[in-house]
1. Relative contact order, percent, of segment 1-43 when contacts are C-alpha pairs under 8 Å separated by at least 6 residues?
2. Taking only C-alpha pairs under 8 Å that are 6+ residues apart, what is the relative contact order of the chain in percent?
3. Around residue 6, under 15 Å between beta carbons, what's the net of Lys plus Arg minus Asp minus Glu among the other residues?
4. Cut-off is 10 Å between beta-carbons; in what order do 69, 3 appear when sorted fewest neighbours first?
5. Would you mind ranking 24, 56 so that the residue whose beta carbon has the fewest other beta carbons within 10 Å leads the list?
6. Among 10, 54, 19, which comes first, then next, by fewest other beta-carbon atoms within 10 Å?
7. Give me the distance in nm between label points sitting 7 Å out from Cα along the Cα-to-Cβ direction at residue 31 and residue 64, one decimal.
8. Mind checking the angle between helix 59-69 and the chain's longest principal axis? C-alpha axes, 0 to 90 degrees, to the nearest 10.
Amino acid sequence: MNSQSVLIHVRFAPNGAVVEISERPAALSPQEWFNCLCDKASDAYQPLAGGRGVFRLTRTVVDAFKAESTPNAA
């Protein structure tokens, strides 16, 4: 299912730093993954109350972003 919807949940610290984010590649910190998603899909981000937010993307897009942001590991 290439059009499967994916919600990437983000949790922020009181100072605005990203504490947790789902679908994160192991090679990236939570903040780096958030920055990557903001650079490529800021229009898909929805802020929520309580220091949280979500990116609403498709599985195909998430997988492509992961591949682009992760160094080749064979």
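1. Relative contact order of segment 1-43: 25 percent.
2. With pairs under 8 Å counted, the relative contact order is 39 percent.
3. Within the 15 Å Cβ shell, the charges total +3.
4. 3, 69
5. Fewest to most other Cβ atoms nearby, the residues stand as 56, 24.
6. Least crowded to most crowded, the residues run 19, 54, 10.
7. With each label point 7 Å from Cα toward Cβ, the separation is 2.9 nm.
8. With rounding to tens, the tilt is 90 degrees.
Every number in this text was worked out from the coordinates using simple rules, so none of it is lab data. Quick caveat, the model's predicted, so the values are computed rather than measured. Every residue, glycine among them, receives a Cβ derived from its backbone with ideal geometry; neighbour counts consider all protein chains shown.
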